[in-house]
Amino acid sequence: MKKFLMLMTIFSLLLLSACSENEADNKDGNGKEQSKETFTIGVIPVQTEGSMEAAMEKLQSTLSEKLDRDVAVEVYPDYNGVVEAMNYDKIDMAYFGPLTYVVAHEKSGAKAIITQLIDGEPFYYSYIITHKDHPWNSLEDLLKNSSEADFAFGDINSTSGSLIPSIELKDREVYKSEDEHSFKSVRFTGSHDATALAVQNKQVDAGAIDSAIYNQLVDSGKVDGDQIKTIWKSEKLFQYPWAVHENTDEETIKTLKEAFLAIKDPEILDAFGASGFTEASNKDYESIRQAALKEGLIKE
């Protein structure tokens, strides 16, 4: 009997010890209960000018409250970094460009769930812009003198800053690659605002840019719209998607959709040049997928 009581006492002590360890594991260094694992969001660097810090903090706070867990938003230094972060399970959600989304969907199964509205519509365009002092009023005018023009794309993985305009220029047989073309020179600036400023400051003669971001730069005074003119406009492009990791559960997706659709804070909206948000799905990016296939950026 004594042996039995001793064994029961030892078992009870071990059980209490295990419970104490589990409780400690669920507390931080200050003895407070830890929240669920942080929900991480990667954002492509659509702009370099200005700070998105305050807007990202507000977005983190909004989503954290809705998800009932910590949320961390990180702006990555380049487009491809966000694709790879999703591919290697480093992030739970991402703000992609349409092209980077298509690539991420092919690589890791990322799922588009939300996109932004610009003046109430989920569309934007690729523009080719030039300085007002140039005589060109159309892309045809520019290409008549292409050998005298320095041309700029944005990030090489940008939809409106590279993919769509490069296809247009290839179709017109003036561009094959950064090293093979009919221009005086070709460069990649890395971002839309850098392209706009390069055109405004006459560092390049023409450049490709996202229409919504260009308008936002003009409205904010970062770029002088009176110094720039648009000489080419693409067909409609579906807006930048917010996409989740392929393993995201439906309840979390539903909560995220509700959270984004409810956002009215102008500081958050202005950071993305948006008037609001609306639902999106993979099928909305089929035209970009076809363009990526044409350029060999993804495979069937």
Practice problem: Show the residue pairs that are 6+ apart or on different chains and have beta-carbon atoms under 6 Å apart, the first residue being within segment 174-198 and open to solvent by 40 Å² or more (accessible area, probe 1.4 Å), the second being assigned to a loop (DSSP other than H, G, I, E, B) and among the aliphatic types (A, V, I, L, M). | Solution: SER182/VAL174; LYS184/ALA149; PHE188/ILE156
Exercise. Return the only residue of LEU63, LEU59 being assigned to a helix (DSSP H, G or I) and surrounded by 23 or more Cβ atoms within 10 Å (Cβ to Cβ).
Key: LEU59
Exercise. Give the residue that is surrounded by the fewest Cβ atoms within 10 Å (Cβ to Cβ), with candidates limited to residues of segment 110-134 that are small (Gly, Ala, Ser) and farther than 27 Å from ASP171 by Cα.
Key: GLY120
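This table checks each residue for (1) under 26 Å from GLN290 (Cβ atoms); (2) acidic (Asp, Glu); (3) surrounded by 13 or more Cβ atoms within 10 Å (Cβ to Cβ).
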site: ILE213; (1), (2), (3): yes, no, yes
site: VAL218; (1), (2), (3): no, no, yes
site: GLY221; (1), (2), (3): no, no, no
site: ILE231; (1), (2), (3): yes, no, yes
site: PHE238; (1), (2), (3): yes, no, yes
site: ALA243; (1), (2), (3): yes, no, yes
site: GLU251; (1), (2), (3): no, yes, no
Practice problem: Please enumerate the residues belonging to segment 262-273 that are out of contact with any Gly (no Cβ under 8 Å at 6 or more places or on another chain) and either assigned to a helix (DSSP H, G or I) or not assigned by the TED database to the domain that holds GLU65 (or both). | Solution: PRO266, GLU267, ILE268, ASP270, ALA271
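Given the residues ASN201, ASN145, ASN137, which is the only one that is under 29 Å from MET52 (Cβ atoms) and open to solvent by 20 Å² or more (accessible area, probe 1.4 Å)?
Details: ASN145 fails: under 29 Å from MET52 (Cβ atoms); ASN137 fails: under 29 Å from MET52 (Cβ atoms).
The conditions single out ASN201.
The values are calculated or read from the model by the stated rules, or taken from the named source; none is laboratory data. Nothing here was measured: the structure is a model prediction, and the numbers come from that model. Note that we place each Cβ from the backbone using ideal geometry, even for glycine, and neighbour counts take in every protein chain shown. Just the protein is used for accessible areas: all its heavy atoms, side chains included, with ligands, DNA and RNA removed. Shrake-Rupley method; radii C 1.70, N 1.55, O 1.52, S 1.80 Å.
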